[in-house]
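What follows is a set of notes on a single structure, which appears directly below.
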Amino acid sequence: DGWSGFDRFLLSEDNQPPSGAGLSFGRGAWLLSDPCRYIATDVPVGPSIADFVDAVAEHPLLDTTTPADVTLAGYSGKNFDLQVPADISTCETEPGNPSSGPIYRPWEPGIYAQGPSQRWHLWVLDVDGTRVVVQSTDYAGTSPQRRAELQAIVDSIKIEP
C-alpha cells in the first residue's frame, strides 16, 4: 500500500521532498563534470562496477560515502550513498522546458534529483557481467516507517538474468 510502479521506478505516494521515497534500476553511465549543468555527458566511465563506483566516489562535486562490498539478490558489488546538495536552486533547467525547475543530474542516462537534500542509496552489482545499479531514494523528512518499507523492498529484490 502507498507505492506505485511504472517503467523502472517504484515510488511512494508522494515521491517529492521533504518526505518522499523511491526505487529505480539502471546501468550507471557516463558522468557529468558538473551535475548542475545540463550538458552532454563528458566524463567517460568504463563498463565495470569499479569503473562506475570509482568515478562517482572520486568526482569532486559529488558527496558520497565510502563504497563498501555488498551482496544483493545473490550478486556481489558495491554499496554507497550520494547526498544531493541542500541548495540546487542555481542548477540549470531542462533545455526547452524552463518550468522543469533546477535539475541536479550526476550521470546520464540516469535520473535527476527530485529535490534538494535527496539521499541516493546505491547498490552497484555485477549481474553475470552486466553492471546493474539499484537506487533507493529518500529525504531527511522521510518517515522511519517509509524507510523501513523501502529497505524491505530492496532486501526482497530477485534478479533473474
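Each of V43 and A140 was given a label point 7 Å from its Cα along the Cα-to-Cβ line. The distance between the two points is 2.5 nm. Note on I153 and T90: the extension gain reaches 19.3 nm, defined as 0.36 nm multiplied by sequence separation minus the Cα-Cα distance. Between the range 53-99 and the range 108-131, the alpha-carbon centres lie 7 Å apart. Extending 7 Å from the Cα toward the beta-carbon at both F25 and D1 defines two label points whose distance is 2.7 nm. Max-minus-min Cα coordinates of the chain on each principal axis give 42, 38, 28 Å, with the largest extent listed first.
For the chain, modelled as a GNM whose springs connect Cα atoms under 10 angstrom apart, the maximal fluctuation among A57, A29, A68 occurs at A68.
The modelled label-to-label distance between D54 and D126, using points 7 Å beyond Cα along the C-beta direction, is 1.3 nm.
Where a number appears in this text, it was derived from the coordinates with a stated rule and is not lab data. Fair warning: this is a prediction, and the values are worked out from it, not measured in the lab. When we count neighbours, we look across all protein chains shown, and the Cβ atoms used for this are built from the backbone with ideal geometry, even at glycine.
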